[in-house]
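Here's the structure we're looking at; comments come further down.
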Amino acid sequence: MTKLYVQLREDHRNLVKVLDVLERQIALYDTREEEGTEKPDIALILDVMDYIQHYPDRFHHPLEEASFDYLIDNKLGDTAAMDAIRAEHQELEQSASKVRTLLNAINLGEAVPLDTLHKTLDQFHTQQIDHLKREEKTVFEDIKALDNAASSVILDRVEHRQDPLFTTVANQQFEELIRQL
Ligand SMILES: [Fe+2]
Ligand SMILES: [Fe+2]
């Protein structure tokens, strides 16, 4: 397996762990009225959003798109599938900022119906998971077929970012989120 493919797979595995934290928080909205139950943690949900907007949106997606550029330049891969994934990247970023706006409003004391928040988070979670699955079933197969030389060329084309959660250097901002992974 090439360094590129290993990286992309690892990013997916890590993102699934973060999305699991989000899913557990979303589930707490169903039981929030019951006495003695844990309440959703907005600060933790904001950390999940920070992570998604900082790492997958800024490094993982560009790396995938650099792979698509390479495949297209070399007349490889399924163009329609790659176009669809690129469009999803834009939609995911728009959804993330919509979620973020809603969370910020809540943090500033605005009255947002909990059902609205619940539904928005739920849709965002599903959209993320569906995207990962679709990539693994389609474009990942073509990226997997690339050789080491192609992998190096593609990795050189993107600006590298350290994953702030899955690293040996502790990141203070994400302390609580890291604890929950
Ligand atoms: Fe993607
Ligand atoms: Fe991906």
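I'd like the projected area of region 56-143, averaged over all directions, using the convex hull of its alpha carbons. Report it in nm² with one decimal.
5.9
How far is helix 42-54 tilted, in degrees, relative to the longest principal axis of the Cα atoms in the chain, given as a value from 0 to 90 rounded to the nearest 10?
It is inclined by approximately 10 degrees.
State, as an integer percentage, the relative contact order of the chain based on alpha-carbon contacts under 8 Å between residues 6 or more apart.
40
So, with +1 on the Cβ of K and R and -1 on the Cβ of D and E, and no other charges, what is the size of the charge dipole of the chain about its Cα centre, to the nearest 20 debye?
On the way: 20 positive and 36 negative charges, 63 e Å.
Computed about the Cα centre, the dipole is about 300 debye.
Rounded to whole Å, give me the distance from the Cα center of region 132-181 to that of region 35-67.
So the separation of the two Cα centres works out to 14 Å.
What number comes out for the charge environment of residue 14, summing +1 per Lys or Arg and -1 per Asp or Glu over other residues with Cβ under 12 Å away?
Charge balance near residue 14 sits at -1.
Convex hull over the Cα atoms of the chain, averaged projected area in nm²?
With every direction weighted equally, the projected area is 11.2 nm².
What is the Cα coordinate range of region 1-66 on the first, second and third principal axes, sorted by size from largest, in whole angstrom?
For region 1-66, the Cα spread along each principal axis is 51, 21, 13 Å.
Where a number appears in this text, it was derived from the coordinates with a stated rule and is not lab data. Since this is a predicted model, take the numbers as computed values, not measurements. Here Cβ is always computed from backbone atoms with ideal geometry, including for glycine, and neighbour counts include all displayed protein chains.
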